[in-house]
Amino acid sequence: MTRVALVGCGGLGVPAAWTLALGGKRQFRLVDADVVEESNLHRQVLYTTADFGLPKGAQLAALLRERFAADVEFVPARLDAANAATLLEGCDAVLEGSDDALAKFAVNDWAVARPRQRTAVIAAAIGRRGQWFAVTPRSSCYRCLFEAPPPPESLATCAIAGVLGPVTGQVGGYAAQALLHALADQADAAAGALVRLSPRGLQRTAVAAAADCRCHT
């Protein structure tokens with residue numbers, strides 16, 4: 001049975017987890033170091049005021065077990081390049097939905113490590129916009145699009161720029177759908193492409209494999 005890791009149990013991770021579970025996935029590893037705060041509630045609808053100060057991953061794990069009888073591990077940690085191999089050991093696929101650019105690149109590098117048999121979807125949302133990218137064994141990768149993480153001070157986060165609650169719900173659901181399609185070897189718009197959600201709708205940008213990228217060396 002496929003074990004899926006969810007990196008980030010917030011605005012994107014919660015709808016993604018629900019979509020994956022409804023899609024038949026029952027084994028999860030949740031990786032998140034944050035606790036529930038009042039500012040989360042408008043976009044992280046699974047949590048309530050009774051959850052303030054509690055680990056997001058622990059609350060999501062309990063609800064997945066209760067609702068879907070899922071086998072869920074919770075790891076209270078922040079994923080990065082140094083610990084990605086350890087935190088993701090034994091997982092077959094990852095959905096990355098954190099606010100951390102370094103985590104996104106770490107998940108990508110895990111997915112393209114040799115032998116290349118892993119699948120990951122990397123998602124983000126800010127303001128009224130969101131995006132997701134699927135890395136499959138036969139596709140280009142996140143570094144073919146973005147060579148390296150940008151300086152942390154150059155990035156807007158949800159805490160700084162805000163995000164509309166419905167946007168995270170849509171992006172999390174779409175990202176999970178892309179992962180389900182990839183695991184079933186079905187076509188999906190996000191395979192090797194960046195799909196953007198904006199007030200204008202959906203836009204797909206195909207990403208060609210970069211000849212000098214680590215995913216092809």
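How many residues, within the range 47-86, are buried (at least 21 other Cβ atoms within 10 Å of the Cβ) and part of a helix (DSSP H, G or I)?
Total meeting the criteria: 7.
Within the range 91-138, can you find the residues that are part of a loop (DSSP other than H, G, I, E, B), buried (at least 24 other Cβ atoms within 10 Å of the Cβ) and more than 11 Å from the chain's Cα centre (by Cα)? Walk me through it before giving the result.
So the first thing to find is which residues in the range 91-138 are part of a loop (DSSP other than H, G, I, E, B), and the list is 91-92, 97-100, 113-118, 128, 136-138.
Imposing the further condition that a residue be buried (at least 24 other Cβ atoms within 10 Å of the Cβ) reduces the set to 97-98, 136.
Of everything in the range 91-138, just one residue is part of a loop (DSSP other than H, G, I, E, B), buried (at least 24 other Cβ atoms within 10 Å of the Cβ) and more than 11 Å from the chain's Cα centre (by Cα), namely T136.
Which of the residues spanning the range 139-164 are modelled with pLDDT of 70 or more, assigned to a loop (DSSP other than H, G, I, E, B) and not small (G, A, S)?
Once the filter is applied, which keeps residues that are modelled with pLDDT of 70 or more, assigned to a loop (DSSP other than H, G, I, E, B) and not small (G, A, S), the range 139-164 yields C141, F146, E147, P149, L164.
Across the range 1-46, what is the number of residues that are of a type in the set (G, A, S), surrounded by fewer than 16 Cβ atoms within 10 Å (Cβ to Cβ) and assigned to a helix (DSSP H, G or I)?
Counting residues in the range 1-46 that are of a type in the set (G, A, S), surrounded by fewer than 16 Cβ atoms within 10 Å (Cβ to Cβ) and assigned to a helix (DSSP H, G or I) gives 1.
Give the range 177-193 a look and list any residue that's touching a helix residue (DSSP H, G or I) at 6+ places or on another chain (Cβ under 6 Å) and in contact (Cβ under 8 Å) with a residue 60 or more places away in the chain, or say none.
Passing the criteria: only A190.
The values are calculated or read from the model by the stated rules, or taken from the named source; none is laboratory data. As the structure is a computational prediction, the values presented were derived from the model and not from experiment. So basically every Cβ, Gly included, is an ideal-geometry build from the backbone, and we count neighbours across all protein chains shown.
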